[in-house]
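The values are calculated or read from the model by the stated rules, or taken from the named source; none is laboratory data. Because the structure is predicted, anything quoted here is derived from the model rather than measured. Every residue, glycine as well, gets a Cβ built from its backbone with ideal geometry; the counts of neighbours run over all protein chains shown. Side chains are part of the model used for accessible areas, which takes the heavy atoms of the whole protein and leaves out ligands, DNA and RNA. Shrake-Rupley method; radii C 1.70, N 1.55, O 1.52, S 1.80 Å.
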Amino acid sequence: MDHAADVPDVFDPRIYADGIPHGRYRALRDRHPVAWQAEPRIGGWPAGPGFWAVTRHADVVRVLRDHRTYSSWLGATQIRDPDPADLPFLRRTMLNQDPGKASGDHGRLRRLVARAFTPARVDAFAGRVRERARALLGAARDEAEGGSADLVRTVTDEYALLNLTDLLGVPAADRGLLLAWTVRIIGYQDPEDAPAPRLGPDGTPLNPRSPALLGEMFAYARELAAHKRAHPGDDVMTALALAGLDPAELEMFFFLLTVAGNDTVRSAAPGGLLALSRDPRAYRQLAGGRVPVDRAVEELLRVHPPVLSFRRTAAVDTELAGQRIRAGDKVVVFHASANHDERVFTDPGRLDLGRRPNPHVSFGDGPHVCLGAHFARLQLRTLYEEWCATMPAPEQAGPPRRLVSNFINGITRLPLRVSGPPR
């Protein structure tokens with residue numbers, strides 16, 4: 001294995017509190033595109049066996065597309081190994097399955113969600129999404145103290161959550177539950193963002209994705225599905241409740257949609273606004289209509305992908321970028337690194353809102369490409385359009401705070417100036 005002294009660490013979640021480690025990623029892309037990473041004990045979480053970090057765009061795409069060689073089923077999709085007792089449970093969700101009956105029922109489940117998440121159903125929410133963006137931005141402006149506001153607290157958390165719960169058909173009184181569950185599951189590496197972890201008998205933290213910690217969410221999913229069967233509506237949970245799923249499949253769908261569906265926009269929206277605040281020239285292009293908004297959304301997703309990494313497990317002995325990989329080894333792709341690969345993107349450090357082509361991997365690739373990407377793009381496009389129409393140029397009013405995580409590219413605080421005429 002590659003234990004060269006000049007291989008930088010990209011595992012430690014604390015690194016990401018200071019920003020995406022582009023210097024480290026570039027060093028890996030240039031010298032060690034498939035590099036062995038240690039998994040030391042950090043923050044009470046136990047040490048792991050280590051993994052291969054994949055940082056070049058072509059190799060990331062290869063791993064994501066080749067499910068026969070790089071499996072989601074064998075070890076699930078988080079860097080840290082799950083408790084072996086939890087693995088059968090984790091395999092109930094299509095995220096942790098591979099195409100083909102031998103590794104779950106990925107194709108059938110994905111088709112069910114695709115039918116529930118039709119573009120027509122998503123587009124029917126476009127007017128409501130725009131009204132919500134306008135209302136939340138207006139409220140942030142009206143309630144600003146000293147002309148600035150924390151956009152995460154006042155706008156983007158609510159925006160992502162309420163749009164998702166509308167699409168799912170979650171009653172308004174229950175919406176806070178979904179945010180609490182998301183924070184607990186996504187922010188578990190961050191001592192400030194998530195509640196103190198529950199400890200197992202050996203004193204180590206329990207994985208927040210463990211079935212022992214998801215009982216409340218699953219009970220709610222069953223209750224909501226029963227309600228939808230009795231009172232159907234034009235929403236995703238009604239479609240899933242009537243789709244003939246067994247209870248475990250329904251629970252895991254609700255888990256996946258609640259967490260992934262919420263946190264994609266919850267992470268990407270403040271990331272895009274932060275990028276625009278750092279590049280007034282690019283913002284003027286967007287606000288002045290000199291670049292298409294759809295293209296700008298893709299570039300903002302490239303520079304701030306919602307997900308930093310995803311894990312696969314080698315199903316067979318193989319070779320990637322000249323590195324021999326053994327069956328059973330963990331192989332982790334780094335999306336933010338792939339999105340800045342100079343072999344694919346000209347001047348990748350520059351925010352080019354008109355960039356074309358823009359083959360970023362922020363929504364993944366291959367059989368697990370994000371099914372909610374259309375809805376996420378709709379929300380992001382609408383938010384940026386409404387900001388340009390009603391708000392001043394985004395300008396930082398204080399330092400942002402990033403999530404301590406090597407998985408989610410989150411921003412937990414983003415103070416921006418919100419008072420002043422649109423420009």
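Counting only residues 5 or more places away or on other chains, whose amide H sits under 5 Å from the amide H of Ile411 once H atoms are built in the peptide plane?
Hits under the 5 Å cutoff: Leu403.
Placing +1 on the Cβ of each Lys and Arg and -1 on the Cβ of each Asp and Glu in the chain, which of Ala76, Ala226, Gly289 has its Cα farthest towards the positive end of the resulting dipole?
Gly289
Hey, what number do you get for the chain at 222 nm if only DSSP H runs of n ≥ 4 count, each worth -39500 (n - 2.57), divided across all residues, to the nearest 500?
Here the helix-only value at 222 nm equals -12500 deg cm²/dmol.
Give the long-range amide H neighbours of Gly75: residues separated by 5 or more places, or on another chain, with amide H under 5 Å away, using H modelled in the peptide plane at 1.01 Å from N.
Answer set, sorted by chain and number: Thr313.
Between Asp83 and Glu131, what length comes free when the chain is fully extended (0.36 nm per residue of separation minus the Cα-Cα distance, one decimal in nm)?
The Asp83-Glu131 span can extend by a further 12.9 nm.
Can you list residues from other chains, or at least 5 along the same chain, whose modelled amide H is less than 5 Å from the amide H of Leu320?
Placed amide hydrogens put Ile325 under 5 Å from Leu320.
Of the accessible area of the chain, with the probe set at 1.4 angstrom, what percent is carbon plus sulfur?
52
Could you derive backbone 3J(HN,Hα) for segment 247-257 from the dihedral phi with the Karplus parameters 6.51, -1.76 and 1.60 (θ = phi - 60°), listing whole Hz in sequence and x where the residue is Gly or Pro?
x, 5, 5, 4, 4, 6, 4, 4, 4, 5, 5
How much accessible surface area, in Å² rounded to 10, belongs to the heavy atoms of Ser419 with a 1.4 Å probe?
Approximately 50 Å² for this residue.
When ranked by the protection proxy of mean other Cβ atoms within 10 Å per residue, highest first, what sequence do the peptides 313-322, 400-409 form?
400-409, 313-322
Multiply the residue separation of Arg413 and Ala327 by 0.36 nm, subtract the distance between their alpha-carbon atoms, and state the gained length in nm to one decimal.
Fully extending the segment from Arg413 to Ala327 adds 26.8 nm.
Which value, in debye to the nearest 20, describes the size of the charge dipole of the chain about its Cα centre when Lys and Arg Cβ atoms bear +1, Asp and Glu Cβ atoms bear -1, and nothing else is charged? Write down the numbers at each step before the final one.
On the way: 55 positive and 51 negative charges, 178 e Å.
Here the size comes out at about 860 debye.
Determine the relative contact order of segment 66-171: mean sequence separation of Cα pairs under 8 Å and six or more apart, normalised by residue count, in whole percent.
Averaging sequence separation for qualifying contacts and normalising by length gives 16 percent for segment 66-171.
On average, how much accessible surface per residue is there in the chain, in Å², for a 1.4 Å probe, leaving out ligands, DNA and RNA?
40
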